[in-house]
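*Asks:* One structure follows; several queries about it will come next.
The values are calculated or read from the model by the stated rules, or taken from the named source; none is laboratory data. In this text the structure is predicted, and so the values were computed from the model without any measurement. In this analysis, Cβ positions are derived from the backbone assuming ideal geometry, glycine residues included, and neighbour counts consider all displayed protein chains. Calculation scope for accessible area: heavy atoms of the full protein, side chains included, ligands and nucleic acids excluded. Shrake-Rupley method; radii C 1.70, N 1.55, O 1.52, S 1.80 Å.
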Amino acid sequence: MTHEIIKIEGMTKVYDTGEIQVAALNSIDLTIHKGEFISIMGASGSGKSTLMNILGCLDRPTSGHYYLEGVDVMEKSDNELSAVRNKKIGFVFQSFNLISRTSALKNVELPMIYGKIGAEERKERALELLKNVGLADRSHHMPNELSGGQKQRVAIARALANKPQIILADEPTGNLDSQSSVEIMEIFTQLNRKEGNTVIIVTHERDIAEFTDRIITFKDGNIIRDEYTREVGQC
Amino acid sequence: MLVFENIMLALTAIKSNKMRSFLTMLGIIIGISSVIAITSIGDSAKGVVGKEFESFGMNNMYLYPNWELTQDGVEESDLITPEDIEALKARFPEDILYAVPNVSANSDTKVGRVEGKFSMTGVGADYGKFKKNLSILHGRMINKSDVAGGKDTIVIEKKAAMNLFNKENAVGETISVVINGEMKDLTVVGVYEVPSSLFDSMFMSQSYSAYVPYPILVVGDGSAWAVELYTNEKKDQAALGNEFVKYLSRIKDKAPNFYIFESAESQMTTINKVLGTLSLAIGAIAAISLVVGGIGIMNIMLVSVTERTREIGIRKSLGARTNDILMQFLIESMIISAIGGVIGTTLGVAIAAVGMSFAKIAVVIDPKVIVLAVGFSAIVGMFFGLYPARKAAKLDPIEALRYE
Ligand SMILES: Nc1ncnc2c1ncn2[C@@H]1O[C@H](COP(=O)(O)OP(=O)(O)O)[C@@H](O)[C@H]1O
Ligand SMILES: [Mg+2]
């Protein structure tokens with residue numbers, strides 16, 4: 001039996017837009033074990049991003065429980081949530097979300113700055129992370145000087161800066177061509193297989209989902225399917 | 001805290017928006033430079049006043065009745081008689097070095113076809129010794145025998161000699177003047193010069209200054225409304241003045257404060273006080289422009305927070321805490337304001353220097369003022385940056401990330 005790193009019980013998220021209330025998540029239950037490689041699929045608007053944002057402690061659910069490593073996230077203060085985002089979770093966005101006019105290196109250093117890591121160690125680690133994603137020679141480039149695939153690799157390097165256990169990626173290949181998409185997915189696979197990271201990826205492309213071990217399918221705020229594509233192997 | 005990182009961040013943000021940053025600073029620059037310029041000009045003027053007073057002797061003093069206490073003008077008995085002066089000198093032999101009734105007269109004169117007007121001051125024998133900035137160019141100053149004999153002599157200023165006699169050395173020439181309704185021919189015994197002073201331009205006078213032995217100006221028994229003294233300069237002038245008027249009031253059988261004194265020192269204090277108040281008042285007005293500058297900073301910081309909403313969301317998603325964001329924006333507004341303060345200080349000093357060089361006055365810049373100005377502008381930046389920074393810090397991470 002592996003460690004339950006994420007456990008969600010009866011989670012509901014209702015967006016109140018004034019006239020209408022949208023239930024983006026409808027009393028979801030979900031358990032994720034440490035070291036899993038998961039993809040979340042479903043039509044646009046089915047609640048995938050809503051779930052990811054809550055998992056990433058960027059948003060709070062309307063009701064229900066979210067236990068991260070056994071601790072109820074709802075109980076945490078804003079500063080504690082900041083620390084969780086900083087240390088425990090690496091978030092990768094579809095739109096990269098690099099800070100403009102800030103070099104790749106500085107972007108990767110950011111989580112370490114907020115994690116109070118010394119300047120020297122920070123730079124050293126950022127360079128190594130960039131090297132690991134194949135961008136050693138691009139460290140001083142600005143985001144607007146990088147291709148989509150390169151931007152996403154910088155974003156992944158940044159997500160890994162403080163060695164988080166959990167990697168959350170919301171449609172990381174959504175803005176990329178198929179070649180870059182495969183490269184990005186290979187990085188995630190490596191992280192999961194070699195580093196033992198728990199990786200959760202949102203995608204609506206079947207062949208991207210195929211990289212993962214478990215596919216969870218959403219529809220209208222509900223999980224309609226949760227299947228293992230292959231044996232959950234090593235760990 | 002991430003102070004160093006935030007400073008670097010702020011500098012990058014300022015650099016990447018040079019024109020906007022400069023315009024934002026402009027309010028602070030104008031405010032600080034005017035405060036600095038005005039206070040430096042004030043301080044410089046004070047320095048000049050001090051030198052000016054020193055040049056004609058800080059131990060100069062006048063005693064006279066307090067006009068406010070004399071009900072219907074000065075009465076005969078209020079005037080200071082030669083006996084009173086002798087009594088004062090006898091009572092304070094150590095402290096009164098020179099005492100002469102304060103008498104003066106104005107008269108038109110004509111030398112050949114050149115007309116002129118003299119403003120004559122009656123002086124005693126040693127006047128030249130006490131009036132420190134007076135230098136005799138030709139001849140001599142009024143001396144003992146001129147005073148003792150009430151001789152018809154006059155010492156004129158260089159300008160008068162040049163204009164009336166067309167030469168600097170006018171010793172031996174004669175000047176006809178009217179004194180107390182009587183025509184008198186005065187022999188020029190000396191020509192003097194005083195270095196040009198700040199007051200020349202302030203009290204532009206059409207007449208020439210001159211010194212004559214005081215006895216030729218006095219009327220009647222020699223009483224005058226005031227007495228001019230030179231005192232022991234090693235003593236506290238205010239204390240001496242108080243003793244003198246107390247004694248004078250007593251021997252004249254008047255109320256203790258009937259006579260009052262005015263010393264060069266007390267005049268200087270008064271002028272300095274006026275200058276100080278003046279520059280404080282103008283400085284306060286200039287300080288208002290600092291507030292306006294602060295509002296400009298607040299405005300731009302609010303724009304900047306809105307523009308950078310997404311960046312704030314990204315930072316929060318990466319683990320920035322509320323305080324980290326607060327500090328980032330606060331430090332940015334403080335740095336903008338402090339840079340404005342430094343530029344403003346430089347500009348203010350330059351304005352003061354240029355202004356003073358026109359007035360041929362050495363600039364006095366109080367380092368305290370500079371420290372205060374830069375510090376104050378940083379505080380302005382902090383104060384007006386607080387609201388935008390709090391607005392940024394309180395943004396919800398997911399809403400900030402969604403911001404388009
Ligand atoms: N900020 C929001 N305000 C109101 N409704 C929202 C907001 N974000 C998402 N929704 C709604 O919630 C539902 C789920 O959205 P989302 O989780 O983004 O879907 P997905 O990522 O699967 O496309 C959608 O119907 C969407 O319109
Ligand atoms: Mg989505």
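*Asks:* Can you name every one of the strands (runs of 3 or more DSSP E) wholly within region B:85-185 that holds 2 or more residues which are surrounded by fewer than 16 Cβ atoms within 10 Å (Cβ to Cβ)?
*Replies:* In region B:85-185, the matching strands (runs of 3 or more DSSP E) lie at B:104-111, B:114-123, B:135-139, B:174-179.
*Asks:* Report, by residue number, each residue of region A:1-24 that is open to solvent by less than 20 Å² (accessible area, probe 1.4 Å) and more than 14 Å from chain B (Cβ to nearest Cβ).
*Replies:* If the condition is that a residue be open to solvent by less than 20 Å² (accessible area, probe 1.4 Å) and more than 14 Å from chain B (Cβ to nearest Cβ), then A:5, A:6, A:8, A:11 are the ones that fit.
*Asks:* Consider region A:62-97. How many of its residues are free of Cβ contacts under 8 Å to residues at least 60 places away in the same chain and within 17 Å of residue A:162 (Cβ to Cβ)?
*Replies:* The qualifying residues number 8.
*Asks:* With A:100, A:49, A:44 as the choices, which residue is assigned to a loop (DSSP other than H, G, I, E, B), within 16 Å of ligand 1 (Cβ to nearest atom) and not aliphatic (A, V, I, L, M)?
*Replies:* Answer to the check: A:44.
*Asks:* Still on this structure: Hey, among B:319, B:381, B:313, which residue is buried (at least 20 other Cβ atoms within 10 Å of the Cβ) and more than 14 Å from chain A (Cβ to nearest Cβ)?
*Replies:* Criteria check complete, one pass: B:381.
*Asks:* Please specify each residue of region A:103-135 satisfying the condition of being open to solvent by 20 Å² or more (accessible area, probe 1.4 Å), facing chain B (nearest Cβ under 10 Å) and assigned to a loop (DSSP other than H, G, I, E, B).
*Replies:* Within region A:103-135, A:116 is the sole residue that qualifies.
*Asks:* In this structure, does residue B:288 turn out to be under 26 Å from the mean Cα position of the chain (by Cα) and either away from every other protein chain (no Cβ under 14 Å) or under 30 Å from residue B:53 (Cβ atoms) (or both)?
*Replies:* Yes; evaluated as a whole, the condition is true for this residue.
*Asks:* Now, a different point. Out of all the residues in region A:63-85, is one or more within 16 Å of ligand 2 (Cβ to nearest atom) and in contact with a strand residue (DSSP E or B) (Cβ under 9 Å, 6 or more places away or on another chain)?
*Replies:* No.
*Asks:* Being out of contact with any Gly (no Cβ under 7 Å at 6 or more places or on another chain), facing another protein chain (nearest Cβ under 9 Å) and modelled with pLDDT of 95 or more, is that true of even one residue in region A:146-163?
*Replies:* yes
*Asks:* Which residues, counting only those in region A:52-72, are surrounded by 15 or more Cβ atoms within 10 Å (Cβ to Cβ), aliphatic (A, V, I, L, M) and assigned to a strand (DSSP E or B)?
*Replies:* Scanning region A:52-72 gives a single hit, A:68.
*Asks:* A further question follows. How many of the residues in region A:73-88 are at pLDDT 95 or above, open to solvent by less than 20 Å² (accessible area, probe 1.4 Å) and more than 9 Å from chain B (Cβ to nearest Cβ)?
*Replies:* 0
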